[in-house]
Amino acid sequence: MTYPDPVFQQAATALVSPLKINVTERHPDFKTVAAMTKIPFSPRIRFFSSDGRRLLREWTGWMPTTELLAEIHVARAIDLHDRKDPLAAVEEYNSALSVAPEGPAVAEILYRRGMAAYLGNKFDMDLLRKDWQAVVDHHSGTRWALHASVIADVD
């Protein structure tokens, strides 16, 4: 898949190891890769964990460059969190918010960042409360707001 946007190309080079499959070329490995990914006729993007064992994010279709860059940062953050490095995950969530502060993933990012900050800062409830309350206040109706709503019951 090609995003002609130079900002995306620079970020993709720095943040991920992409696999590009040109469906018009019949590379010997194409059949195996196509069977693994069940490639549709619009781009399918998948981010796997750093150990290659878990699918972290997936979607089909085009999205604006800023949203795609945010998704890359979110996938990296989830991987870091899973690898027990929550403070590094917080930095990735911050990067996601900086590139797409109004994007559709903001509620999820705030929810996950709150949890990572809480864990990485020795269970600092204020950090969790700050992000989860923002989810509840500004992203009502999302599943993330429903999850974060328990913050009202925490002293």
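Give the residue that is farthest from Phe48 (Cα to Cα), with candidates limited to residues of region 60-79 that are assigned to a helix (DSSP H, G or I) and touching a Ser or Thr at 6+ places or on another chain (Cβ under 7 Å). Reasoning before the result, please.
Filtering region 60-79 down to residues assigned to a helix (DSSP H, G or I) leaves 65-79.
Those left that are additionally touching a Ser or Thr at 6+ places or on another chain (Cβ under 7 Å): 73, 79.
Numbers: His73: 12, Asp79: 8 Å.
My answer is His73.
Among the residues of region 116-155 satisfying the criterion of being small (Gly, Ala, Ser) and within 17 Å of the chain's Cα centre (by Cα), which is surrounded by the fewest Cβ atoms within 10 Å (Cβ to Cβ)? Steps first, please.
Narrowing region 116-155 to residues small (Gly, Ala, Ser): 116-117, 120, 134, 140-141, 145, 148-149, 152.
Okay, now just the ones that are also within 17 Å of the chain's Cα centre (by Cα), so 116-117.
On the way: Ala116: 26, Ala117: 21.
Filtering first and then ranking leaves Ala117.
From the list Pro6, Pro43, which one is more than 15 Å from the chain's Cα centre (by Cα) and either surrounded by 13 or more Cβ atoms within 10 Å (Cβ to Cβ) or at pLDDT 90 or above (or both)? Explain how you work it out, then say what you get.
On the way: Pro6 fails: either surrounded by 13 or more Cβ atoms within 10 Å (Cβ to Cβ) or at pLDDT 90 or above (or both).
Exactly one of Pro6, Pro43 is more than 15 Å from the chain's Cα centre (by Cα) and either surrounded by 13 or more Cβ atoms within 10 Å (Cβ to Cβ) or at pLDDT 90 or above (or both), namely Pro43.
Could you tell me which residue of region 80-115 is surrounded by the most Cβ atoms within 10 Å (Cβ to Cβ), considering only residues that are of a type in the set (Lys, Arg) and assigned to a helix (DSSP H, G or I)? Break it down stepwise before answering.
As a first pass, look at region 80-115 and keep what is of a type in the set (Lys, Arg): 83-84, 112-113.
In the following step, the residues that additionally are assigned to a helix (DSSP H, G or I) were identified as 112-113.
Working: Arg112: 24, Arg113: 29.
Of everything passing the filter in region 80-115, Arg113 is surrounded by the most Cβ atoms within 10 Å (Cβ to Cβ).
The values are calculated or read from the model by the stated rules, or taken from the named source; none is laboratory data. Note that the coordinates shown come from a computational prediction; the quantities given were computed from them, not determined experimentally. Because the Cβ atoms are built from the backbone with ideal geometry, glycine has one as well, and the counts that use them run over all protein chains shown.
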